[in-house]
Amino acid sequence: MAAGEQGGFPQEPNYVGLNTPQRAEYAVDDLPVTGAIPADVCGTFFRAVPDPAYPPFVSDAGAILSADGMVSAIRFADGKVSTAIRYVGTARHLAERAAGRALFGKYRNPYTDKPEAAGIDRTVANTTPVWHAGRLLLTKEEGRPYQVDPVTLETLGSYDFGGALRSETFTAHVRIDPATGEMFAFGYEAAGLASPTVAYLVIDRDGHLVREQWFDAPYCAMMHDFAITAHHVLFPIYPTSADLARLQAGGDHWVHDQDQDSWLGVMPRYGDVAQIRWFRGPKGVSCYHMMNAFEDAAGVIHFDQCLSDSNAFPFIRAASGIAIDQSDLNGRLARWSVDPNGADDAIRETVIGPPGDFPVIPADRQGRAYDHAWMLTMNPERRGPPVMGGPVGAMFDMLLRLDFTGGPPQALALSMGSCFNEPVHVPAAEPGHQGWLVTVVDHQHGPDAFSHECWIIDAGRIGAGPVARVTMPHRLRPQVHGWWVGGPA
Ligand code: V55
Ligand code: FE
């Protein structure tokens, strides 16, 4: 076997280079550190990493999104750093391990599965490690979360909030209110495959599911993320939609329609889903991640999102007959402003930042007016190709700090061959200090040669580069999302 190659995996972008399956579980202590780890950085950086355990038996351009979830932890205590990674023991992963081969077919299409997969929960729990009320949940929008022991990374099982959850699905993007500690969440396709049914969920600060209300979206859309304000909950809908007949015919879960409207549903947080007001957005746009949302003094709602002119996933554009190359896909950090007390359904858009993704805000500004935020983007001055990898094909090579008070943006550009995974924000104890960003940086040294570091960056002075760098012990596949849990594990 060639270096970096894994037996039986197709030699195509989902499985080569940075995306080469690793399939390794391990724990390593006392990682080498260059520089000084700030005292604030004491806790665990949990990361969700999709890594397929078995070669596919179908050709599936969306395969990274259905790769088995692994949970990775990078732990910081007393200036020492350790790491561990383990598969999430989903029913799907356990069934495939027992069979010694893949049983599940295409991304979110059970009609392409082997007969042995019938009736087995299909979720791969590979998108976000969510920490709330003392529980670690590995989430994926296609199904319910799995609970994982935060110390051993052992999987405890599928989690349904003590039997309270009715929805078949649960988002990978929850929003935790900084004042109340409540977790706001939702599930789409809540009533089954390709259903337009959305479940709106509120979990109290102690982890009890106290509200579950169902409503129908304008159509069955890929609802990856949403937003809250201090008084409202916002449900954005972009025209990437599912169709049961297409799935039954063995087709793709998602098709994007450039001619269909986007929508923003707005309701009072503690209201009834019958009160949702739908504001009409531009046609054909798409967004995976919202930065934040808030109400201003006049009650106008501002909703900030990493918007693009079409779906960001090349495999979804291909399935939709949309001929836009990844490098030609335009985007922007867009603010949509709507008046919940106004008479019309108009959305006013202003551009507040460049194209990019993986927005990060301080947890205490969730749903509130905010001064600054961070995101990943492509260096406009890069000469040469980006590092290839991850589900969209190209990795981000620049970190930005945006200032919404009129100050200039700050940037941290990596040199050619290096790229960022999504950072987490760690708050600082010192008043006025903007805290720290902790992120995994991948370095490519050759077609199949990579090394990885975990960087700690002063969040208020990102241009100065990392204050500390941790050498990661083994090859890593690209992370999706992370979560910072402060304090001892
Ligand atoms: C995304 C990621 C997913 C998914 C759907 O970032 C959307 C977008 C890692 O899984 O299933
Ligand atoms: Fe996401």
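The values are calculated or read from the model by the stated rules, or taken from the named source; none is laboratory data. All values derive from a computational prediction rather than experimental measurement. Cβ atoms come from the backbone with ideal geometry, glycine included; neighbour counts cover every protein chain shown.
Values as computed for the structure displayed
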quantity	calculated
Residue among Asp60, Asp149 that is farther than 30 Å from Val426 by Cα and within 21 Å of the chain's Cα centre (by Cα)	Asp60
Those residues of the range 11-41 which are over 15 Å from Ala67 (Cβ atoms) and aliphatic (A, V, I, L, M), in sequence order	Ala27, Val28, Leu31, Val33, Ala36, Ile37, Ala39, Val41
From the options Val81, Val88, Val58, Val49, residue that is aliphatic (A, V, I, L, M) and without any contact (Cβ under 8 Å) to a residue 60 or more places away in the chain	Val58
Whichever residue in the range 209-262 is within 16 Å of ligand 1 (Cβ to nearest atom) and β-branched (Val, Ile, Thr) and, among such residues, is surrounded by the most Cβ atoms within 10 Å (Cβ to Cβ)	Thr240
Hits in the range 208-243 - residues which are outside any strand (DSSP E or B) and either without any contact (Cβ under 8 Å) to a residue 24 or more places away in the chain or under 13 Å from Met290 (Cβ atoms) (or both)	Met223, His224, Asp225, Phe226, Thr229, Tyr238
Qualifying residue in the range 3-12 (condition: of a type in the set (A, V, I, L, M) and modelled with pLDDT under 95)	yes
Residue among Ala468, Ala373, Ala411, Ala428 that alone is small (Gly, Ala, Ser), out of contact with any His (no Cβ under 7 Å at 6 or more places or on another chain), part of a strand (DSSP E or B) and within 25 Å of Thr229 (Cα to Cα)	Ala373
Within the range 459-489, considering residues that are within 16 Å of ligand 1 (Cβ to nearest atom) and either of a type outside the set (Gly, Ala, Ser) or without any contact (Cβ under 8 Å) to a residue 60 or more places away in the chain (or both), the one surrounded by the fewest Cβ atoms within 10 Å (Cβ to Cβ)	Trp483
Output for the range 340-398, where each listed residue is in contact with a helix residue (DSSP H, G or I) (Cβ under 7 Å, 6 or more places away or on another chain), among the aliphatic types (A, V, I, L, M) and more than 16 Å from ligand 2 (Cβ to nearest atom)	Val387, Met388, Ala394
Yes/no for His173 being closer than 19 Å to Leu136 by Cα, touching a His at 6+ places or on another chain (Cβ under 8 Å) and within 16 Å of ligand 1 (Cβ to nearest atom)	yes
Matching option when the condition is in contact (Cβ under 8 Å) with a residue 60 or more places away in the chain and either over 21 Å from Tyr238 (Cβ atoms) or away from ligand 1 (no atom under 16 Å from the Cβ) (or both), among Phe161, Phe184	Phe184
Filter pass, Ala373 being touching a Leu at 6+ places or on another chain (Cβ under 8 Å) and within 23 Å of Pro466 (Cα to Cα)	yes
Residues of the range 25-72 satisfying the condition of being within 13 Å of ligand 1 (Cβ to nearest atom) and aliphatic (A, V, I, L, M)	Ala48, Val49, Ala63, Ile64, Leu65, Ala67, Met70
Elements of type strands (runs of 3 or more DSSP E) in the range 1-110, at least 1 residues being crowded, with 23+ Cβ neighbours inside 10 Å	43-50, 69-77, 80-87
Leading residue by the ranking (nearest to Asn341 (Cα to Cα)) among those in the range 245-277 that are touching a Ser or Thr at 6+ places or on another chain (Cβ under 6 Å) and not in a strand (DSSP E or B)	Trp254
Residue within the range 116-127 that is away from ligand 1 (no atom under 14 Å from the Cβ), without any contact (Cβ under 8 Å) to a residue 12 or more places away in the chain and either of a type outside the set (Phe, Trp, Tyr) or over 25 Å from Asp225 (Cα atoms) (or both) present	yes
Any hit, the range 130-151, residues being within 16 Å of ligand 1 (Cβ to nearest atom), crowded, with 20+ Cβ neighbours inside 10 Å and of a type in the set (Gly, Ala, Ser)	yes
